[in-house]
1. Take every DSSP beta bridge whose two residues both sit in the chain, then give the antiparallel share in percent to the nearest 5.
2. What FRET efficiency would be calculated for the residue pair residue 256, residue 351, taking the C-beta separation as r and a Förster radius of 35 Å, to the nearest 0.05?
3. Below 14 angstrom from the Cβ of residue 501, what's the summed charge of the other residues (Lys, Arg +1; Asp, Glu -1)?
4. Angle between the Cα long axis of helix 271-280 and the longest principal axis of the chain, 0 to 90 degrees, nearest 10?
5. I'd like the projected area of segment 490-630, averaged over all directions, using the convex hull of its alpha carbons. Report it in nm² with one decimal.
6. Taking R0 as 60 Å, what's the FRET efficiency between residue 133 and residue 598 from their Cβ-Cβ distance, rounded to 0.05?
7. Full-extension gain between residue 51 and residue 492, please, as 0.36 nm times their residue separation minus the C-alpha to C-alpha distance.
8. So, with +1 on the Cβ of K and R and -1 on the Cβ of D and E, and no other charges, what is the size of the charge dipole of segment 490-630 about its Cα centre, to the nearest 20 debye?
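Derivation of every value follows stated rules applied to the coordinates shown; laboratory data play no part. Note that this is a predicted model, so its numbers are computed, not measured. No Cβ is skipped: glycine too gets one built from the backbone with ideal geometry, and neighbour counts run over all protein chains shown.
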Amino acid sequence: MRRLLTLGVALAVALLAATPASAATFRSCREAGVIECARITVPLDRSGEVSGEVPLHVERVRALGGRSTGAIFALAGGPGQAASPLTEGFGFTLESALDTRDLVVFDQRGTGRSGALSCLTLDGPDEGLDIGSAVAGCAQELGPRRAFYTTQDSADDIETVRRELGVERIALYGTSYGTKVALAYADRYPEHVERMVLDSVVEPDGPDPLSREALEAVPRVLRELCRRGCEGVTDDPARDVAALVARLAAGPLKGYRVDPQGRREPAELRREEVLAFLIAADFLPQVRTVFPGAVRGALAGDLAPLLRLVGAARGQAPEPEPPEAFSQALYLATICEDVSFPYDRDALPEERARQARQAVERMPDDAFFPFDRETALRIGLVELCASWPSSGRELDDVSTDDAISEAPTLLLSGEEDLRTPVESAQRTASRLPGASMLSVPSVGHSVLGVAFDLCPGRQLERFFTGGETGGRCPDELPFGPVRPPAPLSLTQVASPRGVPGRRGRTLTATALTLDDTLLTGILTAVATDDPTVIVGGGLRSGRFRLSIVRPPDGLFGQPAQVRLTLDRVGYVPGVRVSGSLRLAPNLGLNGRVRVTGSAASPARLSVRPIRDGYRLSGRVDGRTVSARVRTGGI
């Protein structure tokens, strides 16, 4: 948004320029007059059978070039996410489209300031929550209106807003669930679509209630890791996962996890948690480089690495977001009405579960590889929506064969994305005659959110300025090779060149501890709504703290500082690392550490980042040493 605000003069002219007639009344509402707001009221039920209205909160930024000839509607994800807090970010991302187009952002019905739905049974703490009772209770709270928060209803709302704005044809930009809304609009109102940008594509008839899109992509994503090197770790990470899942089919495996106070606590590993970790890593696929080694360790009896990855992916159990930011009730009302489930919607919950299980049993084994049917039932949407009562409403089907729209469309897909994988984008592109598809290596979910300044952002600009798009981006965000299983003793650790024996192995163990702790902290931060302070336990012992120290007010342009503090963190048994380090923009660590432990040579070391590792210098067991330790980096 900073680039938009620097164009204040152009924006002031644009606000006065001639634009298509609008029936809605827009008034300046924030950002020094750049953003205008209006309220557009739509029927709850357009058939009129259920009374009520929904007030849509709509925001607009006028075309930067001074005269608008159209508009681009930016659609949030979820379903359930409010869009209006993202207006500035949408403006920054779509600046290349805004010279002659207004930016239009609105909170979809049931979200944000458009009558956010809430349920008492959902918006409290999760602890002790019975999901079936909570879902049924929410449906009862919402009553008959729960049937009218579908993707189809949101598409019809877009059409109402378009008419109110007086714009004949609009461009659509959506990420994740926003792509489904865009496609639904294009399917229902193709004559009013100028063009579309779809980032991380949900298929028009998706998501699949058994998460088969993700399951289909898991073997490809895991084997892609080995393109960067799996030597000494595994010949086939997908086959290893299948072997682990087969063991977990007999029941959870028991081990331990180190809590944020540095204490060991009993923990169990379940197969659905393994898949949940892989999906959570969509936002930071680099952490998957640890996964194959952790699976190999689990198969050999060392569950600690995999249990900690699974625990980190769950995050810090943040306080639930208020419904105005993310509405869980809206999520249920949309998903449980939209999705085509493998059961009779008029059946009771117990019968629905039985029918779903029968349907899954009829599917071939390879539909779930390297996981199994039970994983699909537990992690998919079947269990979530089994208690959501049928509304009796019949929605218009989206054809699975016909073309959706002939409008020019750019689809962007991260090759490491399991939520909305490349295969989903490819199937959708086949139904869009005007489509070009861009696949992006080393990127997961939300391509432009991760790699806007790289190839995807350049392609987005070309798409709006008449250039050619599509193909495959170069690998501009490569991550390192697959990491081996965590060592079970210091003797399994190699010495760096020039420092042999226990002293050298202590240096390597120290560097490995730093990398492992930083990766775990970053993964936990990604899974946490407020990543200002992240705390966690070491792999074998100890605790760490990852904190963001923001500059005092008034220090414009000063970046936040990220600090990693370790308190006797153990990654290699018998080696404990303590110290405070600063994180550089390239994810390198600078600082000082102290090394203790029964297996280690006692040491005090300075840490400096190098390519793929660290330079460690200082005193080890009474001797002055300095060595470059390669770890693969993160």
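1. 70 percent
2. 0.30
3. Taking every Cβ under 14 Å from that of residue 501, the sum is +4.
4. For 271-280 against the chain, the angle is about 70 degrees.
5. Across all orientations, segment 490-630 yields a mean hull projection of 8.8 nm².
6. The pair residue 133/residue 598 has a calculated efficiency of 0.75.
7. The residue 51-residue 492 span can extend by a further 151.7 nm.
8. Here segment 490-630 has a charge dipole of around 820 debye.
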